[in-house]
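Report on the structure given below.
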Amino acid sequence: MTNARIAVVSAGLGEPSSTKLLADRLRDATLAALAAHGQHAEAVDVTLRPLAQDIASHMLTHNPSDALAAAIKEVVDAEAIIAVTPTFTMSYSGLFKSFFDVIEEGQLASIPTALGATGGTARHSMVMDTAMRPLFAYLKAQVVPTGVFAAAEDWGAVGLDRRIAREGKELADLMVALPRRREADPFDESSEAFVSFEQMLGHA
């Protein structure tokens with residue numbers, strides 16, 4: 001069976017990006033927690049900044065570019081999602097929301113999901129409960145209880161490390177508890193489970 005895949009979606013606008021850094025740390029915490037279960041996963045980065053024009057174009061034309069279509073496929077086919085956004089005026093960024101707007105309704109249903117957000121000050125931390133959770137509840141994703149908000153003063157603090165580790169463990173536990181969404185396809189030539197006709201006949 002192939003390893004599970006985790007789509008790590010980050011909507012940071014700067015380079016380097018604290019939003020991408022938080023996404024990476026949530027990814028690492030999740031992979032470490034999965035390893036503690038004796039399981040392994042592959043993480044795929046879905047960075048939205050280079051897709052900004054493609055997303056806007058798709059909203060107007062309903063015709064995704066190859067790059068955007070590939071990014072959407074990574075997310076809807078994933079066994080779990082880590083989604084992190086910068087905070088603007090107490091909500092997710094327009095880029096973050098627009099990406100999830102172009103995913104067809106129902107495609108994220110039941111996918112284990114961890115949420116994160118970054119912001120300048122702790123007074124924006126309510127974004128997790130006022131914007132992020134309602135969005136993913138509408139999308140019917142299975143969101144873990146802990147959500148990590150990282151303000152500028154949180155970086156380097158022990159509390160942030162603890163919250164990241166807790167959320168990573170919650171996502172890993174949920175992935176382990178739930179059945180795999182997509183088992184390996186024996187008819188997919190790129191799948192490890194693929195069995196060729198020659199193998200079926202015992203000639204390979």
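The values are calculated or read from the model by the stated rules, or taken from the named source; none is laboratory data. Predicted, not measured: the structure shown is a model, and the values here were computed from it. In this analysis, Cβ positions are derived from the backbone assuming ideal geometry, glycine residues included, and neighbour counts consider all displayed protein chains. Ligands, DNA and RNA are stripped out before the accessible areas are found, and what is left, the full protein with its side chains, is counted by its heavy atoms. Shrake-Rupley method; radii C 1.70, N 1.55, O 1.52, S 1.80 Å.
Could you please find all residues in region 162-180 being open to solvent by 70 Å² or more (accessible area, probe 1.4 Å) and either at pLDDT below 95 or farther than 12 Å from residue 32 by Cα (or both)?
Result: 162, 177, 179.
Restricting attention to region 1-29, which residues are assigned to a loop (DSSP other than H, G, I, E, B) and open to solvent by 30 Å² or more (accessible area, probe 1.4 Å)?
Result: 1, 2, 3, 13, 14, 15, 16.
What are the pairs, 6+ residues apart or on separate chains, where a residue within region 37-52 that is free of Cβ contacts under 8 Å to residues at least 40 places away in the same chain has its Cβ under 6 Å from a residue that is open to solvent by 40 Å² or more (accessible area, probe 1.4 Å) and of a type in the set (S, T, N, Q)?
40/3; 42/3
Among the strands (runs of 3 or more DSSP E) confined wholly to region 30-129, which include 3 or more residues that are under 17 Å from the mean Cα position of the chain (by Cα) and surrounded by fewer than 20 Cβ atoms within 10 Å (Cβ to Cβ)?
Output list reads 41-47.
List the residue pairs whose Cβ atoms are under 7 Å apart, where the first residue sits in region 135-158 and is in a helix (DSSP H, G or I), the second is open to solvent by less than 40 Å² (accessible area, probe 1.4 Å) and hydroxyl-bearing (Ser, Thr, Tyr), and the two are 6 or more positions apart or on different chains.
Between residues of region 135-158 that are in a helix (DSSP H, G or I) and residues that are open to solvent by less than 40 Å² (accessible area, probe 1.4 Å) and hydroxyl-bearing (Ser, Thr, Tyr), the close pairs are 136/113.
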